[in-house]
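Following: one structure in structure tokens, then a few remarks.
The values are calculated or read from the model by the stated rules, or taken from the named source; none is laboratory data. Keep in mind it's a predicted model, so treat the numbers as computed, not measured. Note: ideal-geometry Cβ built from the backbone for every residue, glycine included; neighbour counts use all protein chains shown. Areas reflect the complete protein model, heavy atoms only, side chains present, ligands, DNA and RNA absent. Shrake-Rupley method; radii C 1.70, N 1.55, O 1.52, S 1.80 Å.
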Amino acid sequence: MKRILSNHLVPGMVAGEDIYSYNNQLLIPKNTVLTDTAITILEVYDIISIRIKDDTRSSLPAGNKLSYSERIKAGPEFKKFKEEYTATVGHFQESMQNVMEKRTRLNTGELLSNVISLMNENGSSSSVFDMLQCMREYDNSTFAHCVNVSLICNVAAKWLNLSEEGIHTATACGLFHDIGKLQIPQDILGKPAGLTPSEYNIIKKHPLEGFRLLQEQGVDRHISNAALMHHERCDGSGYPSGAHGSQIDSFAKLVSIADVYDAMTAARVYRGPLCPFTVIELFEKEGLQKYEPKFIMTFLENVVNTYILNRCRLTNGQEGEIIYINKDNLSRPMVQCGEEYINLAEKTNLSIDCLL
């Protein structure tokens, strides 16, 4: 990588680092292909120079026709991530099936190291969210969901400045949080229509099933607690026991946020994936009541920054680029559509319909 003065940047160069403003707001995530808009943002925020990746100008097609996600999928980083991610999910699935069917011992250390390695190989938090967003079409199984939540917990724990031990614990809690679903009939888990009350009651047993399985395996109590409590909510509205506030394990509180975020931004048999900004808006409306305030605010403030410079479509059909995050209204950023700048915090009749 080499450092380039901002006034020497040209479209097509690729950012070699996360670029922050002087008040520590993320402006451009690492691996972003620079456009005219991105370079203008750097000038507006008086960023003098940035690191760019070597020999990357050819990665931007003529006319910048590809969407943000298409550019990610076309890059070597995504191809490497997809290969390693697929192997990690496959190994996790095989290991868990052996535990269930052959009653083998659960090797938490090995499985955790696979996820940590996947995380470390793929750089910044923004890169991981980009990669996961582009993996939505490939796999939405329980095993893939567990790996996704594990990666999100790893990133969120770093955002919360947890210790190295705390980061590893959070990652493990995310990885094993949903293994109780292996005890739930597949025809209920994958049912395309709405669940009956009795079927929903069966689904609600998976936290206790996971807790029992993990206790039998003698894992760290935070890991088994996360399996038991990841559907509990701070206002007492969750299940299986209606625990609230300090009764809920702190790592379970973190897993609950990552679990909901991944589940809602992934496709389901009965719907397509929700736009991340729709999910962020839902969190904003009820987050302070249902989730640990410090955890949810830190998560939302950081996760929105991973979508800066992403192209999006608004509910009126206009397409543009997310160029600024409104800190007081995280789900409603400023979007540049051609020559027009639309501040969604002021345009309450508009919102982001989907990322492109």
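Values as computed for the structure displayed
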read-out: Any hit, the stretch 233-249, residues being part of a loop (DSSP other than H, G, I, E, B) and basic (Lys, Arg); value: yes
read-out: Scan of the stretch 307-325 for residues that are in a strand (DSSP E or B), open to solvent by less than 10 Å² (accessible area, probe 1.4 Å) and closer than 20 Å to THR265 by Cα, ordered by number; value: CYS312, LEU314, ILE322
read-out: Selection count, the stretch 283-296, where residues are open to solvent by less than 70 Å² (accessible area, probe 1.4 Å) and of a type outside the set (Gly, Ala, Ser); value: 8
read-out: The stretch 215-250: number of residues that are of a type in the set (A, V, I, L, M) and either open to solvent by 20 Å² or more (accessible area, probe 1.4 Å) or touching a residue at least 60 places away in the same chain (Cβ under 8 Å) (or both); value: 4
read-out: Considering residues of the stretch 330-339 that are over 19 Å from the mean Cα position of the chain (by Cα) and open to solvent by 20 Å² or more (accessible area, probe 1.4 Å) only, the residue nearest to GLN25 (Cα to Cα); value: MET334
read-out: Sole exception among (1) open to solvent by 20 Å² or more (accessible area, probe 1.4 Å); (2) touching a residue at least 12 places away in the same chain (Cβ under 8 Å); (3) not charged (D, E, K, R) for ILE280, by number; value: (1)
read-out: The stretch 178-213: number of residues that are touching a residue at least 60 places away in the same chain (Cβ under 8 Å) and buried (at least 16 other Cβ atoms within 10 Å of the Cβ); value: 4
read-out: Residue ID - modelled with the lowest pLDDT, chosen from residues in the stretch 336-356 that are assigned to a strand (DSSP E or B) and within 20 Å of ASN302 (Cβ to Cβ); value: LEU355
read-out: Selection count where residues are in a helix (DSSP H, G or I) and either surrounded by fewer than 17 Cβ atoms within 10 Å (Cβ to Cβ) or in contact (Cβ under 8 Å) with a residue 60 or more places away in the chain (or both), scope the stretch 251-277; value: 13
read-out: Selection status of GLY63, at pLDDT below 85 and small (Gly, Ala, Ser); value: yes
read-out: From the options GLU77, GLU94, GLU84, residue that is in contact with a helix residue (DSSP H, G or I) (Cβ under 8 Å, 6 or more places away or on another chain), modelled with pLDDT of 90 or more and surrounded by fewer than 21 Cβ atoms within 10 Å (Cβ to Cβ); value: GLU84
read-out: Residue among ASN114, ASN140, ASN120 that is at pLDDT below 90, open to solvent by 30 Å² or more (accessible area, probe 1.4 Å), over 25 Å from ARG311 (Cα atoms) and not β-branched (Val, Ile, Thr); value: ASN120
read-out: Matching residues, the stretch 333-356, being in contact with a strand residue (DSSP E or B) (Cβ under 7 Å, 6 or more places away or on another chain) and among the aliphatic types (A, V, I, L, M); value: MET334, VAL335, ILE342, LEU344, LEU350, ILE352, LEU355, LEU356
read-out: Yes/no for ASP178 being under 21 Å from the mean Cα position of the chain (by Cα) and closer than 19 Å to TYR291 by Cβ; value: yes
